[in-house]
């Protein structure tokens, strides 16, 4: 199938380690952010979201941190598993919910 | 169906040919979105429908691109006189309510290759 990971920054981690994926967003007016996971040949899959009135949100094995001062998002994945291997995108939503602006993505490679 | 369905899964078109890409959103979903994803890049917004109304088409790259959702369910993205720069994966997404709050459910996309 097609690859979405060509020429993307790649993060390689050992199975069981924690992963941190970073994203710089562009619009200071953005007030809603989502992390998506995209496996080869599939559409992006929602992982976790955060609104601008928060600086941290936790899900199952994932945590998103938001630093509005420097316009930075991070996704932390605990105890990374081979099934976490994919391309991860952050997406920002300024002004309304009708469109999202996606970052360029980071490829996560989990070594068994 | 349980998810967003797109067809065809792959499409090869000769330059200058017209193509039509279909999206079946999750049943009952009000909002439908089209995105274009070039190889190695993040998706880029094309257009947004709320029921049958096309509320935002600001991302359509040229007047060769046209989208419709006449009955508020299935949507078709049409590209006329395809060019090589149109080669990309075209993603459709839907949400239950207005807008993209709480994130989209994406389909697997249609990979268009223009030769």
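Of all strands (runs of 3 or more DSSP E) completely enclosed by the stretch A:1-74, which ones contain at least 1 residues that are under 23 Å from residue B:104 (Cβ atoms) and more than 10 Å from chain B (Cβ to nearest Cβ)? Reasoning before the result, please.
Details: elements: A:10-14, A:19-24, A:30-38, A:45-51, A:56-58, A:62-67.
Output list reads A:19-24, A:30-38, A:45-51, A:56-58, A:62-67.
Could you list all residues from the stretch B:62-90 that are part of a strand (DSSP E or B) and touching a residue at least 60 places away in the same chain (Cβ under 8 Å)?
Answer for the stretch B:62-90, where residues must be part of a strand (DSSP E or B) and touching a residue at least 60 places away in the same chain (Cβ under 8 Å): B:78, B:79, B:90.
Restricting to the stretch A:88-112, and then to whatever is touching a strand residue (DSSP E or B) at 6+ places or on another chain (Cβ under 6 Å) and free of Cβ contacts under 8 Å to residues at least 12 places away in the same chain, can you tell me which residue is nearest to residue A:34 (Cα to Cα)?
So the residue we want is A:99.
Is it true that residue B:41 is assigned to a loop (DSSP other than H, G, I, E, B), at negative phi and within 11 Å of chain A (Cβ to nearest Cβ)? So that I can check it myself, show each step before the final result.
Numbers: assigned to a loop (DSSP other than H, G, I, E, B): yes; at negative phi: yes; within 11 Å of chain A (Cβ to nearest Cβ): yes.
In short, yes.
Return yes when residue B:107 is surrounded by fewer than 15 Cβ atoms within 10 Å (Cβ to Cβ), in contact (Cβ under 8 Å) with a residue 24 or more places away in the chain, within 17 Å of residue B:28 (Cβ to Cβ) and within 14 Å of chain A (Cβ to nearest Cβ) and no when it is not. Don't jump to the end; show me each part of the working.
On the way: surrounded by fewer than 15 Cβ atoms within 10 Å (Cβ to Cβ): no; in contact (Cβ under 8 Å) with a residue 24 or more places away in the chain: yes; within 17 Å of residue B:28 (Cβ to Cβ): yes; within 14 Å of chain A (Cβ to nearest Cβ): yes.
No, not satisfied.
Every residue in the stretch A:93-112 that is surrounded by 20 or more Cβ atoms within 10 Å (Cβ to Cβ) and away from chain B (no Cβ under 11 Å), please.
A:108, A:110 - these are the residues of the stretch A:93-112 that are surrounded by 20 or more Cβ atoms within 10 Å (Cβ to Cβ) and away from chain B (no Cβ under 11 Å).
How many residues are farther than 21 Å from residue B:52 by Cβ, within 8 Å of chain A (Cβ to nearest Cβ) and surrounded by fewer than 17 Cβ atoms within 10 Å (Cβ to Cβ) if we restrict to the stretch B:73-104?
1
Residue under question is residue A:62, and the condition is that it be in contact (Cβ under 8 Å) with a residue 40 or more places away in the chain and touching a strand residue (DSSP E or B) at 6+ places or on another chain (Cβ under 6 Å); does it hold?
No.
Which one is farthest from the other protein chains (Cβ to nearest Cβ) among residues in the stretch B:44-63 that are crowded, with 19+ Cβ neighbours inside 10 Å and within 18 Å of residue B:84 (Cα to Cα)? Give the derivation first.
Going through the stretch B:44-63, the residues crowded, with 19+ Cβ neighbours inside 10 Å turn out to be B:45-49, B:60.
Remaining after also requiring within 18 Å of residue B:84 (Cα to Cα): B:46, B:60.
Details: B:46: 9, B:60: 12 Å.
That would be B:60.
Rule-based calculations on the coordinates, nothing more; no lab input. Note that the structure is predicted; figures quoted are calculated from it, not measured. In this analysis, Cβ positions are derived from the backbone assuming ideal geometry, glycine residues included, and neighbour counts consider all displayed protein chains.
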